[in-house]
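**Student:** Structure below; questions to follow.
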Amino acid sequence: MVNSRDLLAMMDDLIQLTIIDEESPQSFKVRAYEKAKIALETYPGDITSLSLSELSKLNNVGRATASKVREMIQTGTVASLDELRLKYPPDFVELSRIPGVGPKTLKLMRRELGIENLDTLKSAIDAQQLRTLPRMGAASEAKIAKAIDRLGLVGKHHRTPVGEALTAAHNLVEQLEAIDSVSKVEICGSIRRMAETVSDVDITVASSDPGEVISAVVNHPNTAEVIGAGTTKASIVTHRNLQIDVRVVDSHQFGAATLYFTGSKAHNVALRQRAIDSGLHLNEYGLIDAKTSQVIASETEHSIYSALGLDFIEAPLREATGEIEAASGGSLPQLVQLSDIRGDLHYHSDRSGDGRSTLADMISHAASRNYEYLAITEHGENLGGTGVSQADMADHRLMIDTIQSQYPDMTLLFGCELNIGPDGELDYDAEFRSELDYAVASVHSHFDLPAQDQTARLIRAISDPSVRSIGHLTGRYIGRRPGIDLDIDAVLTAMLEADVALEVNSSLSRLDASSDVVRLAVGRGVKLVINSDSHHISHLDRMIHGVRTAQRGWAPRDQVINTWPRSRFLEWLNT
Ligand code: DGT
Ligand code: CA
Ligand code: ZN
């Protein structure tokens, strides 16, 4: 049975492969698919119940896309997409992640040099063959070589960005949860710990009918290949070359199983040692008395931690970097939780060139989360193509003021996402900036400057009086574009001095600042802010990923400014 997530995943694959096939992300076909995907994504009802003619009547959904959607619903697959998959296998498609390798270059490399995957690409670079291609040279060859190294894409240590893995995992989880015999499903492994990249997806399921679960996994529309399927375990590979391992257990062993398969390995080893030290034995079935073989705890993770004399340890902390000691001494931080978030401070409407929902819709969705404050931060004018002119900003302010009267319980802030130029210069003039209620400043270009210049650039922006936070610090896209080089210590010092908050951007392709940087910032006392950076009403849900990233950086609730009650937050803002 195909659900709406499967359909959107199908559209994603179709878009990705068509870009390569047409050698352009701008082609008519690609644009048509992209618009259709947005239409499907934003359709308020159940798209799987629409007929061909109903689908074709949706705005921006053409006949061709509509029939692909129906084909997917009826047969679980789309023949023309399968052809594209054969033509462009995952190992080949993956090369398009490398900055500087656009679809044209990709196909040229294949045609002229027989490059099919990372190994053959690396050999071509070693043999200095890439530079012989049209529009290439020694410099672009070196740039690609460096990018491959920095992205860690090579060989069997190949890893998938957590965002991609999470999408595939959720997709399957939704199907498994719909099975009657299934009582619980948990995504475990490095995804649950919110690692930035993962080698595979680990899912644990509690069910009274394991066979039913295994068969659903094997027959899932995203399954391209079955590596192994037993009575309680299945390993499959998706069309995007991602391995998913599913294990089915009895519900009374679910806690022990999720604890084990969440890891990390180092955390497990330390827990097991702690168990041994008290005459116990810990494995994936439970915490067991070594002498009597009696099960002490197994049903929930909480019960196991508690029986080991530990406070509960949230999954993102489980890396054996001090969390077990802290849990045994009652000194774990009071970690920020999603339910603590009281506002969003990086938020776009379609006034920004890349925004996709109206201001009124964006605001009403924030209100429906019971937010107490919301900063509307359209892009500043310097961001080519998407920025907002000073005149339009003035108009926007009036619109915000008008809408404010409908939301007495939520303070709307007239804000801006200022663009940090190559020398740290910001949009508009100082006087206009001083009229903003709130500003987040971020880097969107010049990613290749040396660390010294990047640091100076950031520090200049941080010291501008209008700037209250720094958005997506390094500008990275996980697995695609490395972040800027910078002297993190100097930047954190400047932020502390200027009382500027460090953003944890919740977009799964960013997760920036990273958890490592968050942990440094926490140690230094730098304030944090967790933002969705929404450009569409469907983006508000991202906040959880930022929260988990902050947790992985040991962020205490109180250090995160958008957990503060409105009065405290506004007091900070106005000082
Ligand atoms: P990954 O997949 O490389 O991104 O990272 P993980 O942590 O998901 O590693 P994975 O998939 O190999 O194993 C999932 C969990 O299973 C891991 O976090 C801990 C547990 N595990 C796997 N192998 C071992 C082992 O040899 N010893 C122990 N204690 N735990 C293990
Ligand atoms: Ca894993
Ligand atoms: Zn931005």
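**Student:** Scan the range 111-124 and give yes if some residue there is assigned to a helix (DSSP H, G or I), over 29 Å from the mean Cα position of the chain (by Cα) and surrounded by 19 or more Cβ atoms within 10 Å (Cβ to Cβ), otherwise no.
**Tutor:** yes
**Student:** Yes or no: Arg274 among the basic types (Lys, Arg) and within 26 Å of Glu503 (Cβ to Cβ)?
**Tutor:** no
**Student:** How many of the residues in the range 293-320 are part of a loop (DSSP other than H, G, I, E, B) and surrounded by 15 or more Cβ atoms within 10 Å (Cβ to Cβ)?
**Tutor:** Selection size over the range 293-320: 11.
**Student:** OK, next. Going by the structure shown, is Ala375 of a type in the set (A, V, I, L, M) and in contact with a His (Cβ under 6 Å, 6 or more places away or on another chain)?
**Tutor:** Criteria not met by Ala375.
**Student:** What number of residues in the range 446-481 are under 25 Å from Ala550 (Cα atoms), of a type in the set (Gly, Ala, Ser) and assigned to a helix (DSSP H, G or I)?
**Tutor:** Looking only at that region, the number is 2.
**Student:** Give all pairs with beta carbons closer than 6 Å in which a residue from the range 182-207 that is more than 14 Å from Leu172 (Cβ to Cβ) meets a residue that is within 16 Å of ligand 3 (Cβ to nearest atom) and not in a strand (DSSP E or B); count only pairs at least 6 apart in sequence or on separate chains.
**Tutor:** Close Cβ pairs (under 6 Å, with a partner that is within 16 Å of ligand 3 (Cβ to nearest atom) and not in a strand (DSSP E or B)) amount to Glu196/Ile478.
**Student:** Which residues, taken from the range 329-347, are part of a loop (DSSP other than H, G, I, E, B) and closer than 30 Å to Val467 by Cβ?
**Tutor:** Selection gives Pro333, Gln334, Val336, Gln337, Ile341, Arg342, Leu345, His346.
**Student:** Does Ala326 qualify as being surrounded by 21 or more Cβ atoms within 10 Å (Cβ to Cβ), in contact with a Leu (Cβ under 9 Å, 6 or more places away or on another chain) and either in contact (Cβ under 8 Å) with a residue 40 or more places away in the chain or not in a loop (DSSP other than H, G, I, E, B) (or both)?
**Tutor:** For Ala326, the condition - surrounded by 21 or more Cβ atoms within 10 Å (Cβ to Cβ), in contact with a Leu (Cβ under 9 Å, 6 or more places away or on another chain) and either in contact (Cβ under 8 Å) with a residue 40 or more places away in the chain or not in a loop (DSSP other than H, G, I, E, B) (or both) - is not met.
**Student:** Quick check on Gly523: is it crowded, with 24+ Cβ neighbours inside 10 Å, away from ligand 3 (no atom under 16 Å from the Cβ) and of a type in the set (Gly, Ala, Ser)?
**Tutor:** Taking the combined requirement at face value, the residue does not satisfy it.
**Student:** Checking the conditions here, which among Lys68, Lys29 is closer than 29 Å to Val237 by Cα, in a helix (DSSP H, G or I) and in contact with a Ser or Thr (Cβ under 6 Å, 6 or more places away or on another chain)?
**Tutor:** Lys29
**Student:** Further, regarding this structure: Hey, which of the strands (runs of 3 or more DSSP E) in the range 132-239, taking only ones fully inside, have at least 1 residues that are of a type in the set (Asp, Glu) and within 16 Å of ligand 2 (Cβ to nearest atom)?
**Tutor:** Because the criterion is at least 1 residues that are of a type in the set (Asp, Glu) and within 16 Å of ligand 2 (Cβ to nearest atom), the strands (runs of 3 or more DSSP E) in the range 132-239 that meet it are 182-187, 201-207.
**Student:** Six or more apart or on different chains, Cβ atoms under 8 Å: show the pairs whose first residue is in the range 18-37 and touching a residue at least 60 places away in the same chain (Cβ under 8 Å) and whose second is of a type in the set (Lys, Arg).
**Tutor:** Thr18/Lys29; Ile20/Lys107; Asp21/Lys87; Glu22/Lys29; Glu23/Lys104; Glu23/Lys107; Ser24/Lys104
**Student:** Moving on. From the list Thr238, Thr262, which residue is surrounded by 17 or more Cβ atoms within 10 Å (Cβ to Cβ), outside the structural domain of Arg318 (by TED's automatic domain parsing) and under 21 Å from the mean Cα position of the chain (by Cα)?
**Tutor:** Just a single option satisfies the conditions, and that option is Thr238.
**Student:** Just to check your reading of the model, which residue among Ala266, Ala195 is in contact with a Gly (Cβ under 9 Å, 6 or more places away or on another chain), under 30 Å from Arg480 (Cα atoms) and within 14 Å of ligand 1 (Cβ to nearest atom)?
**Tutor:** Of the residues listed, the single one that is in contact with a Gly (Cβ under 9 Å, 6 or more places away or on another chain), under 30 Å from Arg480 (Cα atoms) and within 14 Å of ligand 1 (Cβ to nearest atom) is Ala195.
**Student:** Residues in the range 72-94: is at least one more than 20 Å from His239 (Cβ to Cβ) and crowded, with 18+ Cβ neighbours inside 10 Å?
**Tutor:** The answer is no, given that none of the residues of the range 72-94 is more than 20 Å from His239 (Cβ to Cβ) and crowded, with 18+ Cβ neighbours inside 10 Å.
The values are calculated or read from the model by the stated rules, or taken from the named source; none is laboratory data. The shown structure was predicted, so the numbers you read here are calculated from the model rather than taken from an experiment. Heads up, the Cβs are rebuilt from the backbone with ideal geometry, glycines too, and the neighbour counts pull from every protein chain shown.
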